[in-house]
Amino acid sequence: QARRPLAWRPSLRRDLDRPGSFSRCKFWARVGPSTMSTETRKLCVTAGDEKHEHQKLLPDAAPRKQCRMSTDKLPFCPSGEMVFNYLFFRKLFTKLEQQGLAKNGKVHYFVLRNVSVRLMDAVGLNGVEEHSRSGFFVREPKHHDIWYSWKDLLTELREYGHPSAPIFLAERIFLTLEQPESSRLAKIVSVLVMLVILMNLVVVVLQSFDQDDCNELMPWGLEFGRQCGSGLQNIFVLIFSAEYFIRLVCCPWVRPEVLNYELLLNDAIPNTNPRDFGEKEGRTKFERVFFFLFAPANIIDLISILPWWITHLAVALPAGSTSFLRVVRIFRIVRIFKTGRYVQNLQVLGVVLGASGRSISILMLFISMVALVGGVLLSNFEEAFSNIPMAVYWTFAQLIALKNTDFVGNKVVTPTGIFIAACIVSLKAVLWILPIGQIKAAFDSADSDMKHMQNQCDTMEYELTKPSWASWYGLSHSVRIHLVFYEIEPGGKVASKPYVRSSMPVPILETHGISHILDVPIPAMKEWWQEIVSGESAIALEMLWSPSEDMKEAPKPAMPAGKLSLRILQGKCFPKGDSTRWRICVNLPVGLSSDAAMNSQETSSQSGGTAPLFGGELSFDVDWASAGCRAPESPSPEASPHSASRFSPGGKRDMLQPMLAADNFDTNDFQRAVLGLLQAQNEQLAEQSYRLQALERQLAAARHASTIAE
């Protein structure tokens with residue numbers, strides 16, 4: 001509509017003057033400044049409420065992209081622009097907090113601006129010159145507050161997104177082959193590569209059988225030549241080779257920051273202990289190729305395809321080189337490690353092995369030293385060992401629990417040799433215990449990091465997708481009510497037996513007004529197979545809670561008092577036919593006394609079918625503070641001594657002392673007065689206990705909400 005003349009949109013000025021119209025200006029600015037008329041630009045510049053006064057989008061604002069959540073649908077192909085997820089910015093904010101750049105959970109504007117500029121430079125944008133126009137966040141500071149919490153940044157990212165950074169064709173191809181989470185096509189490619197890897201391993205295993213057995217087990221092996229399954233082997237290797245060489249050709253034009261967000265975080269937040277004043281620019285094309293060739297995953301890919309190429313290109317090898325080719329073919333099994341790129345648990349194992357490499361190397365060094373010393377000593381006292389290498393080998397085998405090999409079965413017989421062997425076995429336990437503890441600690445750390453990242457992702461998704469009713473859902477904010485559904489037959493007769501019962505919470509414990517339109521599911525209205533076919537039944541319900549003035553002014557937690565209005569609008573996916581109508585009975589606890597604790601009201605559908613229409617409003621006057629549930633009040637001066645004794649300890653002074661001083665002292669009356677006083681105190685204690693429990697629940701809910709927010 002931005003291309004239409006302004007006269008065609010007479011409501012434009014009225015819409016822009018409304019609060020919240022700033023989003024329309026953002027949309028038109030994103031569509032393109034050239035499509036906006038002069039008057040539209042003026043309106044967009046002046047539109048918006050005071051909340052966004054510091055960050056109005058000018059008509060020449062750079063295009064921006066909305067952040068992605070893990071629940072969003074992936075594009076079929078990698079996008080031509082970088083799309084960050086919210087978890088990346090959460091990690092960035094957490095890293096700022098870990099480096100001590102946050103104060104009370106807030107980061108200063110200057111720090112965020114520097115981070116934004118460095119991010120823009122890292123993704124190929126001009127951060128120094130274009131930050132005020134297209135920065136990642138906080139393009140202009142608030143005049144009243146220059147400290148920003150994570151919630152402030154999250155709100156800004158949800159509303160404005162992040163600047164659009166281009167991704168080149170080579171990078172898009174590389175993403176398709178390297179990162180399965182970049183697009184649906186990348187997921188398909190990763191699944192196909194995984195299947196090819198597994199099928200290749202099956203072929204390698206079957207080729208170890210005899211030729212006849214292999215042909216019987218694999219008749220579909222596409223045999224080319226003498227070896228069984230050689231045709232499939234050729235196809236698999238060509239697929240692996242094509243994948244490797246395509247990535248090799250693309251890598252000179254692929255920026256590492258596009259693939260690895262950890263590198264991007266390191267570029268955005270520099271080291272707190274710098275050694276060089278100058279900052280290194282991005283990698284050159286030669287450096288990108290060098291890092292690609294010597295990356296561990298790419299070395300595995302190269303080793304997995306080299307045997308096939310050496311076998312087929314070694315036409316000029318001298319005679320007797322077949323043993324060399326057999327050794328080279330063994331490396332085909334290395335292809336199984338390619339699965340680690342697509343399986344997260346294998347990645348954790350790789351991280352643990354990498355972190356434990358030093359411990360493992362120290363363990364092997366100590367074992368070698370002990371084996372050498374023990375072997376030298378044993379060779380001097382035991383005749384079974386004719387030389388030192390044999391004794392060292394025997395000692396090494398004992399330390400690593402190696403059995404069923406030559407020379408391992410030899411036994412020491414002399415007392416000195418037995419003593420040396422006992423010392424070696426004792427050292428064996430000590431040598432193995434120390435690195436195992438470090439390896440376990442590394443594994444626990446990697447597993448904890450993975451779980452923490454998953455929890456952060458889940459918390460982020462909940463913060464971004466939580467429904468509006470989540471603020472009053474819970475034991476300390478809402479009360480459950482029952483919905484009873486009755487079937488109305490075509491003749492107008494209401495069934496005596498309920499068709500189904502359901503429940504829902506209502507926010508009558510809240511001290512502020514609440515208005516919502518909710519979709520209330522009815523799980524048991526249809527059979528499970530009907531829900532699979534046509535979906536779960538539900539009703540659309542409009543709810544309005546208006547607390548009374550006494551409840552608003554009462555100390556929290558306050559007793560519910562006010563008016564609750566419910567209007568059932570329409571059903572969804574109801575069973576039965578068009579001739580069947582429904583009656584819904586709503587049971588709500590409006591008080592705590594036994595005589596008027598429950599109020600039941602009914603409404604009937606005006607039509608039948610799978611989406612029946614309802615009408616009429618159900619109004620409930622809630623007053624839990626009446627009928628003995630109010631807080632104890634001070635007695636009036638005209639109240640009798642007996643009534644005073646039920647509300648305050650002053651009744652004891654007004655009633656018990658005259659009774660004790662009277663000449664006609666009656667023990668029964670005195671006992672009744674004391675019992676009345678004890679009963680009143682018991683009621684007060686019960687009321688105070690209820691309020692304390694409510695306060696504890698509210699405090700626990702506040703702590704839980706604070707934990708989720710952090």
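Please verify whether segment 133-143 includes one or more residues that are closer than 28 Å to K466 by Cβ, touching a residue at least 60 places away in the same chain (Cβ under 8 Å) and crowded, with 19+ Cβ neighbours inside 10 Å. Checked segment 133-143: at least one residue is closer than 28 Å to K466 by Cβ, touching a residue at least 60 places away in the same chain (Cβ under 8 Å) and crowded, with 19+ Cβ neighbours inside 10 Å. A Cβ distance below 8 Å, combined with a sequence gap of six or more or placement on separate chains, defines the contacts here; from segment 440-464, residues that are at negative phi and touching a residue at least 40 places away in the same chain (Cβ under 8 Å) reach residues that are open to solvent by 40 Å² or more (accessible area, probe 1.4 Å) and among the charged types (D, E, K, R) in the pairs Q456/K91; L464/R158. Hey, does segment 600-610 have a residue that's within 19 Å of Y473 (Cβ to Cβ), touching a residue at least 24 places away in the same chain (Cβ under 8 Å) and either within 37 Å of the chain's Cα centre (by Cα) or outside any loop (DSSP other than H, G, I, E, B) (or both)? The answer is no, given that none of the residues of segment 600-610 is within 19 Å of Y473 (Cβ to Cβ), touching a residue at least 24 places away in the same chain (Cβ under 8 Å) and either within 37 Å of the chain's Cα centre (by Cα) or outside any loop (DSSP other than H, G, I, E, B) (or both). From the list T610, T707, the lone residue that is closer than 30 Å to E487 by Cβ and at pLDDT 70 or above is T610.
Would you check which residues across segment 77-103 are part of a strand (DSSP E or B) and either touching a Ser or Thr at 6+ places or on another chain (Cβ under 6 Å) or of a type in the set (S, T, Y) (or both) and list them?
To start, the set of residues in segment 77-103 that are part of a strand (DSSP E or B) comprises 81, 85, 102-103.
Across segment 77-103, the qualifying residue is only E81.
Filter segment 401-415 down to residues that are open to solvent by 40 Å² or more (accessible area, probe 1.4 Å) and among the hydrophobic types (A, V, I, L, M, F, W, C) and give me whichever is modelled with the highest pLDDT. The residue in question is V413. Applying a threshold of 6 Å to beta carbon distances and a minimum spacing of six or more residues, or different chains, the list of pairs starting in segment 294-314 at a residue that is assigned to a helix (DSSP H, G or I) and ending at one that is at pLDDT 80 or above and surrounded by 15 or more Cβ atoms within 10 Å (Cβ to Cβ) reads N298/F292; D301/Y244; I305/V237; I305/F240; I305/S241; W308/V237.
Looking at this structure, is E216 at pLDDT below 85 and closer than 29 Å to L119 by Cα? So E216 does not fit the description; no.
Inspect segment 429-438 for any residue being surrounded by 12 or more Cβ atoms within 10 Å (Cβ to Cβ) and more than 36 Å from the chain's Cα centre (by Cα) and give the result as yes or no.
Filtering segment 429-438 down to residues surrounded by 12 or more Cβ atoms within 10 Å (Cβ to Cβ) leaves 431-432, 434-436, 438.
If we keep only those that are more than 36 Å from the chain's Cα centre (by Cα) as well, we get 431-432.
Yes, there is a match, as at least one residue in segment 429-438 is surrounded by 12 or more Cβ atoms within 10 Å (Cβ to Cβ) and more than 36 Å from the chain's Cα centre (by Cα).
Of the residues L434, L427, which is modelled with pLDDT under 80, aliphatic (A, V, I, L, M) and either in a helix (DSSP H, G or I) or farther than 26 Å from S368 by Cβ (or both)? First the steps, then the outcome.
Working: L427 fails: modelled with pLDDT under 80.
None of the others qualify; the one that does is L434.
Here R480, R501 are screened, and the one residue that is in a strand (DSSP E or B) and loosely packed, with under 13 Cβ neighbours inside 10 Å is R480. Of all the numbered requirements in (1) assigned to a helix (DSSP H, G or I); (2) at pLDDT 90 or above, A442 misses one, and that requirement is (2).
Among the listed residues K572, K526, identify the single one that is open to solvent by 80 Å² or more (accessible area, probe 1.4 Å) and under 28 Å from Q606 (Cα atoms).
Details: K526 fails: open to solvent by 80 Å² or more (accessible area, probe 1.4 Å).
Matching residue, one of K572, K526: K572.
If you go through segment 369-400 and keep only what is among the small types (G, A, S) and open to solvent by less than 60 Å² (accessible area, probe 1.4 Å), you end up with A371, G374, G375, S379, A384, A391, A397. Among the numbered conditions (1) assigned to a strand (DSSP E or B); (2) in contact with a Lys or Arg (Cβ under 7 Å, 6 or more places away or on another chain), the only one that T511 does not meet is (1).
The values are calculated or read from the model by the stated rules, or taken from the named source; none is laboratory data. Bear in mind the structure is a predicted one, so any value in this text is a computation, not a measurement. Please note: Cβ atoms are built from the backbone with ideal geometry, for glycine as well, and neighbour counts cover all protein chains shown. These accessible areas exclude ligands, DNA and RNA; they are computed on the full protein's heavy atoms, side chains included. Shrake-Rupley method; radii C 1.70, N 1.55, O 1.52, S 1.80 Å.
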